[in-house]
Amino acid sequence: MENTTIKPTESTKEINGELTYEDKVIQKIIGTALENVDGLLTVDGGFFSNIKDKLVNSGDMTSGISTEVGKKQVAVDMDIIAEYDKDIHVIYEQMKHLIAEEVQKMTHLDVIEVNVNVVDIKTSEEYKAESKTVQDKVTSAAHTTGQFASEQTNRAKDILNSQTDKINDDLETEPRVE
């Protein structure tokens, strides 16, 4: 699909209105932009990772990203976990560049500030192991919940069937009195 620049016509220049963005829209743009930054393991609170075989993906790209969105400018704050043995300054510069580029391209807002607090560093192996542990816990909880619900459904069916059988038995016996 080709990008097309649409220039305002005389009729659209006369239409009043305002274009604004919710914080979560800008946060989603930022989260998506940061998905492939080498050496960035996660934005604290989020579950995205640049590891090729993603082990956990909550789908919430906004988690851990805080923004202040004005009419013309955006400020960003986030806590990250960086990969051990990577140049954190290079990661930060790449993050600033990608955030500014994507937000500008999609919204025409200027990113004036990107504050990144490195809360931890981990090896890729540590991060994978912890992510797998989290996924195992989630999978186990889902399995246990599903198994419990199935057991309760079967129990309810058994009770209903026994009550139905009792009612049918009562209907089939002859009354003792006339």
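The values are calculated or read from the model by the stated rules, or taken from the named source; none is laboratory data. Since this is a predicted model, take the numbers as computed values, not measurements. So basically every Cβ, Gly included, is an ideal-geometry build from the backbone, and we count neighbours across all protein chains shown.
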Completion exercise
Matching residues in region 76-105 (within 20 Å of the chain's Cα centre (by Cα) and of a type outside the set (Val, Ile, Thr)) number 7
Handout entry: Search result, residues across region 67-98 that are crowded, with 19+ Cβ neighbours inside 10 Å, of a type in the set (A, V, I, L, M, F, W, C) and not in a helix (DSSP H, G or I)
Key = VAL69, VAL74, VAL76, MET78, ILE80, ILE81, ALA82
Practice task
Name every residue in region 99-137 that is buried (at least 16 other Cβ atoms within 10 Å of the Cβ), assigned to a helix (DSSP H, G or I) and modelled with pLDDT of 95 or more, in order of residue number.
Solution key: ILE99, ALA100, GLU102, VAL103, THR107
